[in-house]
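**Student:** Just dropping this structure here.
The values are calculated or read from the model by the stated rules, or taken from the named source; none is laboratory data. Predicted, not measured: the structure shown is a model, and the values here were computed from it. Backbone-built Cβ (ideal geometry, glycine too); neighbour counts: all protein chains shown. When the accessible area is computed, the model is the full protein with side chains, heavy atoms only, and any ligands, DNA or RNA have been set aside. Shrake-Rupley method; radii C 1.70, N 1.55, O 1.52, S 1.80 Å.
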There are 2 protein chains.
Amino acid sequence: MTTEPRQGAQAIRRALMVLRILAAGRESGVPLTEVVQATGLTRPTVHRIVHVLIEEGIVERHEKTGRYAIGGQVPELALARPSRSPLLAAADDILARTSQRVGDTLFLTVRTGNDTLCVDRRIGFYPIQVLSIEVGARRPLGVSSAGVAILAAMPMPDARKIVTANEVRFAGYRTSVATVLSQIALAKRRGYNLREAGLVQGTKSLSTWIKTPDRQPAAAITVSAVRTRLGPRREQEVAEILLEAALAIEKKIESLP
Amino acid sequence: MTTEPRQGAQAIRRALMVLRILAAGRESGVPLTEVVQATGLTRPTVHRIVHVLIEEGIVERHEKTGRYAIGGQVPELALARPSRSPLLAAADDILARTSQRVGDTLFLTVRTGNDTLCVDRRIGFYPIQVLSIEVGARRPLGVSSAGVAILAAMPMPDARKIVTANEVRFAGYRTSVATVLSQIALAKRRGYNLREAGLVQGTKSLSTWIKTPDRQPAAAITVSAVRTRLGPRREQEVAEILLEAALAIEKKIESLP
DNA sequence: GCTTGCTGTCCATAATGTGGACAGAATTGG
DNA sequence: CCAATTCTGTCCACATTATGGACAGCAAGC
C-alpha cells in the first residue's frame with residue numbers, strides 16, 4: 001500500500017530532495033553543482049530553492065567555501081519529537097551487549113528514503129578501531145555495506161528500483177548499478193553482507209539486516225574492522241553474533257509498542 | 001542587513017510555515033483547522049501541503065486523533081548537524097551553577113523566527129518544582145515570560161512587528177497584542193521580565209535576556225517557582241543572579257568561536 | 001589572453017499551485 | 001433519528017507562480 005500520486009506540490013518535493021542531498025554533506029556541506037547533479041534539477045531552480053531555504057533558516061551557507069549545508073533551524077524543528085524511535089530504543093542495550101562480545105566497532109544504520117543513515121555507533125575494546133563512519137553519515141542506499149544488506153533483504157524488484165533511482169549519485173562513490181546489484185545477489189545467498197574493501201583501505205565490514213514487524217527491511221547492524229581481524233574463521237563467528245543481534249532487536253521491537 | 005525579498009518559492013515558504021506550526025504541537029500534533037487559522041492559508045492549500053509532507057515522511061498523522069505532527073524524518077535530517085549550538089555550549093555549565101544557587105527550575109529559551117523554543121531545562125534542589133514547560137516547547141513570541149523578555153531586549157519597532165505578526169495566534173493563548181506590548185514596556189524599564197500568573201496557577205516566573213555578539217537578543221533564562229517562593233525580597237535576589245548568569249553566557253559566547 | 005568550472009540573475013512562458021465550491025464523515029443535541 | 005455543526009477531503013477552471021534557457025560575472029589554471 002504505497003500511495004505516492006498526490007500532486008500540486010512539485011516545489012515542496014524538490015525542496016526536500018535538495019535538503020536530503022544537503023544532509024549527506026553534513027557539516028562541510030555541498031557545492032551547488034553537486035546538488036544540481038544529484039537531484040537532476042536545473043541550476044536556476046536549485047539556486048532559487050537553496051536561497052529561499054537560507055532566508056528561512058533551514059539551510060546555511062559556509063562563508064569561506066560557499067558550500068551549502070543543513071541549517072540550525074532543522075534541529076530546532078526536530079525538538080518537537082522528543083522520543084527516540086522504537087528501533088533505537090530496542091537496539092540500545094542489544095548493541096551494547098553485542099559490542100562487548102565482538103570487540104570491534106558496531107554501527108546501526110537505518111534506511112531513510114533512498115539513503116542509509118548511521119544512527120548509532122559503539123566502539124569496542126579491541127585496540128584498533130575503524131571509526132570511518134560517524135553518526136549522521138548519510139549515503140545513497142547501495143554504497144555502504146549496510147546499504148547493500150538492507151537492499152538484499154527486500155524483494156529484488158524493489159531493490160532494483162531504488163538502486164536505479166540512485167544511479168546518478170553512484171558516480172561520486174565509485175560504484176555502479178551493476179556492481180551494487182551483484183553485491184546484493186551475493187549477500188542474499190550468504191544471509192548477510194560482506195565487504196572486503198571498506199571505505200578505508202585495509203578494512204573489512206560485515207552487515208546483517210533488521211526487519212520491522214511489517215517485514216520491511218529498515219536497518220542494518222555492521223561490524224567494521226581491520227582486515228586481519230576478520231579472517232574466515234572469525235568472520236563466521238561474528239556473522240552469527242550479528243545475525244543473533246538482529247533477530248533480538250526484531251523481537252524486541254515487536255514487544256515494545 | 002536583513003534581505004528578504006527573494007521570490008519564486010511561495011509553496012516552499014508555506015510548507016515551512018506549516019511545519020513550524022506543527023512543531024508547536026509537539027507529539028500530540030495539531031488539527032488541520034488550527035493550522036489553517038494559524039497560518040492564514042486556505043484549507044485546501046494546507047491540506048495539500050500537509051499530505052505531501054506526509055508522503056515525504058516529514059509529517060506524521062496520528063491514527064486515532066487525526067492530528068498532524070512533525071515526522072520522524074526531521075530528526076534524521078537534523079543529524080546532519082552534530083554539534084550543539086554555541087549558545088547551548090556556552091550556557092551549559094553556567095546554567096548548572098546558577099541552578100545550584102537558585103534551587104528552582106531554570107529554563108533556557110531561544111528565539112527562532114517568531115517563536116520561542118525551550119532548549120534546556122534544569123531542575124533545582126527545592127522540593128517543589130514547576131515543570132510546566134518541557135524542552136522542545138514552542139510558543140509564539142510574547143506568550144511566555146521568556147518571550148516577553150526577548151522582545152523587551154529588542155528595539156520597540158522590531159518587537160511590535162513580531163507581536164503583530166503573531167496576533168492571530170495569540171487568541172489560542174488568551175492574550176492579545178495590547179497585553180503583550182504593555183508587558184514588554186514593563187520589562188524594559190525593570191531590566192528583566194516578571195510574570196505573576198504563570199501558565200500554571202499559583203506560579204511566578206522571572207526572565208532575563210541574552211544577546212549574541214551582534215547585539216541581537218536571542219535567548220532568555222527563566223526561573224519558575226511557586227508564588228510563595230518568590231516574594232519581593234527573594235525576587236530581587238534571583239533577578240540579580242539571573243542577570244549575572246545572562247551576562248556570563250554573553251561573555252562566554254564571544255570567547256568561544 | 002583564452003578556457004574551464006563555478007555561482008548568480010533575467011524574464012518570457014506554461015505548467016504549477018491555488019482556492020471557491022461541493023461532498024462526505026463524525027459528533028452533538030434536540 | 002434527523003437536523004445542525006464542525007471537522008476533513010476532493011475537484012477543477014483559472015492566473016499566479018515557478019520554471020529553465022540564455023546570459024553574465026568571477027576566480028583559478030594554463
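**Student:** Could you identify the single residue in A:D93, A:D104 that is over 24 Å from B:V46 (Cβ atoms), open to solvent by less than 10 Å² (accessible area, probe 1.4 Å), acidic (D, E) and assigned by TED's automatic domain parsing to the domain that holds A:K251? Step through it out loud before you land on a result.
**Tutor:** Numbers: A:D93 fails: open to solvent by less than 10 Å² (accessible area, probe 1.4 Å).
Exactly one residue qualifies, and that residue is A:D104.
**Student:** Being open to solvent by 50 Å² or more (accessible area, probe 1.4 Å) and charged (D, E, K, R) is the filter; apply it to segment A:174-209 and report the residue that is nearest to A:V223 (Cα to Cα).
**Tutor:** A:E196
**Student:** Only one of these is hydroxyl-bearing (S, T, Y) and within 14 Å of chain A (Cβ to nearest Cβ): B:T105, B:T112. Name it. Can you show your working first?
**Tutor:** Working: B:T105 fails: within 14 Å of chain A (Cβ to nearest Cβ).
From the options B:T105, B:T112, the qualifying one is B:T112.
**Student:** Looking only at segment A:29-42, filter to residues that are away from every other protein chain (no Cβ under 12 Å) and outside any helix (DSSP H, G or I); which one of those is most open to solvent (accessible area, probe 1.4 Å)?
**Tutor:** To start, the set of residues in segment A:29-42 that are away from every other protein chain (no Cβ under 12 Å) comprises A:31-42.
Subset that is outside any helix (DSSP H, G or I): A:31, A:40-42.
Details: A:P31: 41, A:G40: 66, A:L41: 22, A:T42: 81 Å².
This residue is A:T42.
**Student:** If I ask for residues that are among the β-branched types (V, I, T) and more than 11 Å from DNA strand D (Cβ to nearest atom), which ones from segment B:31-42 would you list? Before the answer, list the steps.
**Tutor:** To start, the set of residues in segment B:31-42 that are among the β-branched types (V, I, T) comprises B:33, B:35-36, B:39, B:42.
Matches in segment B:31-42: B:T39 only.
**Student:** Looking only at residues in segment B:43-83 that are of a type in the set (S, T, Y) and within 13 Å of chain A (Cβ to nearest Cβ), which one is farthest from DNA strand D (Cβ to nearest atom)?
**Tutor:** Within segment B:43-83, the first condition is being of a type in the set (S, T, Y), and the residues that meet it are B:45, B:65, B:68, B:83.
With the extra rule that they be within 13 Å of chain A (Cβ to nearest Cβ), the set shrinks to B:45, B:68, B:83.
Working: B:T45: 9, B:Y68: 8, B:S83: 28 Å.
Within segment B:43-83, the match that is farthest from DNA strand D (Cβ to nearest atom) is B:S83.
**Student:** Which condition number in (1) farther than 22 Å from B:G172 by Cα; (2) more than 9 Å from DNA strand C (Cβ to nearest atom); (3) free of Cβ contacts under 8 Å to residues at least 24 places away in the same chain is the one that B:V36 fails?
**Tutor:** Exception for B:V36: condition (1).
**Student:** Are any of the residues in segment A:63-86 open to solvent by 40 Å² or more (accessible area, probe 1.4 Å), in contact with a strand residue (DSSP E or B) (Cβ under 8 Å, 6 or more places away or on another chain), within 16 Å of DNA strand C (Cβ to nearest atom) and assigned to a loop (DSSP other than H, G, I, E, B)?
**Tutor:** Checked segment A:63-86: at least one residue is open to solvent by 40 Å² or more (accessible area, probe 1.4 Å), in contact with a strand residue (DSSP E or B) (Cβ under 8 Å, 6 or more places away or on another chain), within 16 Å of DNA strand C (Cβ to nearest atom) and assigned to a loop (DSSP other than H, G, I, E, B).
**Student:** Would you check if B:A11 is near DNA strand C (Cβ under 10 Å from one of its atoms), at the interface with chain A (Cβ under 10 Å from one of its Cβ atoms), touching a residue at least 12 places away in the same chain (Cβ under 8 Å) and open to solvent by less than 80 Å² (accessible area, probe 1.4 Å)?
**Tutor:** Details: near DNA strand C (Cβ under 10 Å from one of its atoms): yes; at the interface with chain A (Cβ under 10 Å from one of its Cβ atoms): yes; touching a residue at least 12 places away in the same chain (Cβ under 8 Å): yes; open to solvent by less than 80 Å² (accessible area, probe 1.4 Å): yes.
When the stated conditions are applied, B:A11 passes them.
**Student:** Continuing with the same structure: If I filter segment A:245-253 for residues that are over 16 Å from A:M154 (Cα atoms), surrounded by fewer than 14 Cβ atoms within 10 Å (Cβ to Cβ) and touching a residue at least 60 places away in the same chain (Cβ under 8 Å), do I get at least one hit?
**Tutor:** So far as segment A:245-253 goes, no, none of its residues is over 16 Å from A:M154 (Cα atoms), surrounded by fewer than 14 Cβ atoms within 10 Å (Cβ to Cβ) and touching a residue at least 60 places away in the same chain (Cβ under 8 Å).
**Student:** Return the pairs, sorted by first residue and then second, in which the second residue is of a type outside the set (D, E, K, R) and more than 11 Å from DNA strand C (Cβ to nearest atom), the first residue lies in segment B:14-25 and is more than 8 Å from every other protein chain (Cβ to nearest Cβ) and open to solvent by 10 Å² or more (accessible area, probe 1.4 Å), the beta carbons are less than 6 Å apart, and the residues are 6+ apart or on different chains.
**Tutor:** B:I21/B:V35; B:I21/B:A38
**Student:** A further question follows. I want to confirm something. Restricting to segment A:211-244 and keeping residues that are hydroxyl-bearing (S, T, Y) and surrounded by fewer than 17 Cβ atoms within 10 Å (Cβ to Cβ), which single residue is farthest from the chain's Cα centre (by Cα)? Lay out the reasoning, then the answer.
**Tutor:** Taking segment A:211-244 as the starting set, the residues that turn out to be hydroxyl-bearing (S, T, Y) are A:212, A:222, A:224, A:228.
Filter once more, so that each one left must be surrounded by fewer than 17 Cβ atoms within 10 Å (Cβ to Cβ): A:212, A:228.
Details: A:T212: 16, A:T228: 25 Å.
Per the stated criteria, the residue is A:T228.
**Student:** Run down B:A159, B:A171 and say which single residue is over 19 Å from B:A245 (Cα atoms) and surrounded by fewer than 21 Cβ atoms within 10 Å (Cβ to Cβ).
**Tutor:** Numbers: B:A159 fails: surrounded by fewer than 21 Cβ atoms within 10 Å (Cβ to Cβ).
B:A171 is the lone residue from the list that is over 19 Å from B:A245 (Cα atoms) and surrounded by fewer than 21 Cβ atoms within 10 Å (Cβ to Cβ).
**Student:** Scanning for something over 19 Å from B:P82 (Cβ atoms), out of contact with any helix residue (DSSP H, G or I) (no Cβ under 9 Å at 6 or more places or on another chain) and of a type in the set (G, A, S), does segment A:154-168 turn up at least one residue? Let's see the steps before the verdict.
**Tutor:** Narrowing segment A:154-168 to residues over 19 Å from B:P82 (Cβ atoms): A:154-168.
Narrowing further to those that are out of contact with any helix residue (DSSP H, G or I) (no Cβ under 9 Å at 6 or more places or on another chain): A:155, A:157, A:161, A:165.
Next, from what is left, pick out any that are of a type in the set (G, A, S): A:165.
Within segment A:154-168, one or more residues are over 19 Å from B:P82 (Cβ atoms), out of contact with any helix residue (DSSP H, G or I) (no Cβ under 9 Å at 6 or more places or on another chain) and of a type in the set (G, A, S).
**Student:** Follow-up question, since we're still on this one. Identify, by number, the condition in (1) surrounded by fewer than 19 Cβ atoms within 10 Å (Cβ to Cβ); (2) at pLDDT 95 or above that A:D115 doesn't meet.
**Tutor:** Status for A:D115: all satisfied but (1).
**Student:** Output yes when any residue across segment B:139-147 is in contact (Cβ under 8 Å) with a residue 40 or more places away in the chain and more than 24 Å from B:V36 (Cα to Cα), and no when none is.
**Tutor:** yes
**Student:** Among the residues of segment A:125-140, is there at least one that is under 13 Å from the mean Cα position of the chain (by Cα) and of a type in the set (S, T, Y)?
**Tutor:** Looking for residues that are under 13 Å from the mean Cα position of the chain (by Cα) and of a type in the set (S, T, Y), one finds none in segment A:125-140, hence no.
**Student:** Pairs please, first residue from segment B:209-227 and more than 16 Å from B:E254 (Cβ to Cβ), second anywhere and part of a loop (DSSP other than H, G, I, E, B) and acidic (D, E), Cβ atoms under 7 Å, 6+ apart in sequence or on different chains.
**Tutor:** Hits for this filter: B:V223/B:D104; B:S224/B:D104; B:A225/B:D104.
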